[in-house]
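A.B. asks: Pasting in a structure now, in structure tokens, and then I'll have a few things to ask.
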Amino acid sequence: MLKLILASLVILFETGIHTHKVPAISGGEIDFGDFSGKKILVVNIATNSPRVVQIGQLQQLHQTYSDSLVIVAFPSNSFGNENRSNSEILQLCQSQYNTGFLIAAKGDVKGESIQLFYQWLTNREENGVFNNEVKGDFQKYLFDRNGRGLGVFSGSLSPLSPQLVNAITGN
């Protein structure tokens, strides 16, 4: 009985992704509440990462599925691969990859200075699903149309991989 009560309390205190707002790279904020009814892909990026080609792949994904998918990229130097400022990151993403997906302001995705959104994202007690510390650049988190977590995908996995595309296009 005590387990049932505790489980109920955890459910009451969990918050979905749609309740979150994060600073945008160009100022203002990104309100996840605006994306109800669409799947959401959250990915930490770094422009000096050996995986930087994935920014272009994320743009391809954005162009193909923009009617049903929102991509929010989070630049981070948590793995030592992002030494650029917000304005430099934005300029590079736009000039080299013609990005149209959303980019949040630069912040830590792990460690002592982890940003609040990633604190929530990586803690099952807060998000109800995921309990996965970010292990490297370009780790991906996918949410369904109702804001519930669907899966975590390795940073080494291409955004255009059948595994991720099938998760995006499936119900």
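A.B. asks: Would you mind telling me which numbered condition in (1) in contact with a helix residue (DSSP H, G or I) (Cβ under 7 Å, 6 or more places away or on another chain); (2) in contact (Cβ under 8 Å) with a residue 12 or more places away in the chain Asn131 fails?
C.D. replies: The number of the failed condition is (2).
Okay, residues lined up against (1) closer than 13 Å to Asp137 by Cβ; (2) in contact (Cβ under 8 Å) with a residue 60 or more places away in the chain; (3) part of a helix (DSSP H, G or I):
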site: Val22; (1), (2), (3): no, yes, no
site: Val43; (1), (2), (3): yes, yes, no
site: Asn48; (1), (2), (3): yes, no, no
site: Arg51; (1), (2), (3): yes, yes, no
site: Gln54; (1), (2), (3): yes, yes, yes
site: Leu61; (1), (2), (3): no, yes, yes
site: Asp67; (1), (2), (3): no, no, no
site: Val70; (1), (2), (3): no, no, no
site: Ala73; (1), (2), (3): yes, no, no
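A.B. asks: Could you tell me whether the stretch 32-43 includes any residue that is under 19 Å from Ser113 (Cβ atoms) and either touching a strand residue (DSSP E or B) at 6+ places or on another chain (Cβ under 9 Å) or open to solvent by less than 20 Å² (accessible area, probe 1.4 Å) (or both)? Before you say what the answer is, go through the steps one by one.
C.D. replies: Narrowing the stretch 32-43 to residues under 19 Å from Ser113 (Cβ atoms): 42.
In the following step, the residues that additionally are either touching a strand residue (DSSP E or B) at 6+ places or on another chain (Cβ under 9 Å) or open to solvent by less than 20 Å² (accessible area, probe 1.4 Å) (or both) were identified as 42.
Yes, there is a match, as at least one residue in the stretch 32-43 is under 19 Å from Ser113 (Cβ atoms) and either touching a strand residue (DSSP E or B) at 6+ places or on another chain (Cβ under 9 Å) or open to solvent by less than 20 Å² (accessible area, probe 1.4 Å) (or both).
A.B. asks: Here's something else I'd like to know. Taking the stretch 84-130 as the region of interest, how many residues are assigned to a loop (DSSP other than H, G, I, E, B), farther than 24 Å from Gly56 by Cβ and touching a Ser or Thr at 6+ places or on another chain (Cβ under 7 Å)? Break it down into steps so the answer makes sense when it comes.
C.D. replies: So in the stretch 84-130, the residues assigned to a loop (DSSP other than H, G, I, E, B) come out as 84-85, 98-101, 105-107, 109-113, 115, 122-123, 128-130.
When the remaining residues are screened for being farther than 24 Å from Gly56 by Cβ, the result is 110-113, 115, 122-123, 128-130.
From what's left, touching a Ser or Thr at 6+ places or on another chain (Cβ under 7 Å): 110-111, 130.
Total meeting the criteria: 3.
A.B. asks: Sticking with this structure for a sec: Taking the condition β-branched (Val, Ile, Thr) and either touching a Phe, Trp or Tyr at 6+ places or on another chain (Cβ under 9 Å) or open to solvent by 40 Å² or more (accessible area, probe 1.4 Å) (or both), does Thr64 pass?
C.D. replies: When the stated conditions are applied, Thr64 passes them.
A.B. asks: Which count do you get for residues in the stretch 124-167 that are of a type in the set (Val, Ile, Thr), closer than 24 Å to Ser36 by Cβ and under 14 Å from the mean Cα position of the chain (by Cα)?
C.D. replies: Of the residues in that region, 1 qualify.
A.B. asks: Ok, one more. Kindly establish whether Gly37 is at positive phi and touching a residue at least 24 places away in the same chain (Cβ under 8 Å).
C.D. replies: So Gly37 passes the test.
A.B. asks: Please specify each residue of the stretch 131-150 satisfying the condition of being in a strand (DSSP E or B) and closer than 22 Å to Val53 by Cα.
C.D. replies: Within the stretch 131-150, Lys140, Tyr141, Leu142 meet the criteria.
A.B. asks: Shifting gears a bit: Among the candidates Ile25, Ile30, Ile71, single out the residue that is among the β-branched types (Val, Ile, Thr), modelled with pLDDT of 95 or more, within 18 Å of Gly151 (Cα to Cα) and within 16 Å of the chain's Cα centre (by Cα).
C.D. replies: Being among the β-branched types (Val, Ile, Thr), modelled with pLDDT of 95 or more, within 18 Å of Gly151 (Cα to Cα) and within 16 Å of the chain's Cα centre (by Cα) holds for just one of Ile25, Ile30, Ile71, which is Ile71.
A.B. asks: Test each condition in (1) open to solvent by less than 10 Å² (accessible area, probe 1.4 Å); (2) touching a helix residue (DSSP H, G or I) at 6+ places or on another chain (Cβ under 8 Å); (3) small (Gly, Ala, Ser) for Gly56 and report the one that comes out false.
C.D. replies: (1)
A.B. asks: List every residue pair whose Cβ atoms lie under 7 Å apart, where the two residues are 6 or more positions apart in sequence or sit on different chains, the first residue falls within the stretch 107-127 and is in contact (Cβ under 8 Å) with a residue 12 or more places away in the chain, and the second residue, located anywhere, is in a helix (DSSP H, G or I) and open to solvent by 40 Å² or more (accessible area, probe 1.4 Å).
C.D. replies: So the pair list comes out as Trp120/Glu126; Glu125/Val10.
The values are calculated or read from the model by the stated rules, or taken from the named source; none is laboratory data. Quick caveat: nothing in here was measured; it's all calculated off a predicted structure. When we count neighbours, we look across all protein chains shown, and the Cβ atoms used for this are built from the backbone with ideal geometry, even at glycine. Please note that ligands, DNA and RNA were not included when accessible areas were found on the heavy atoms of the full protein model with its side chains. Shrake-Rupley method; radii C 1.70, N 1.55, O 1.52, S 1.80 Å.
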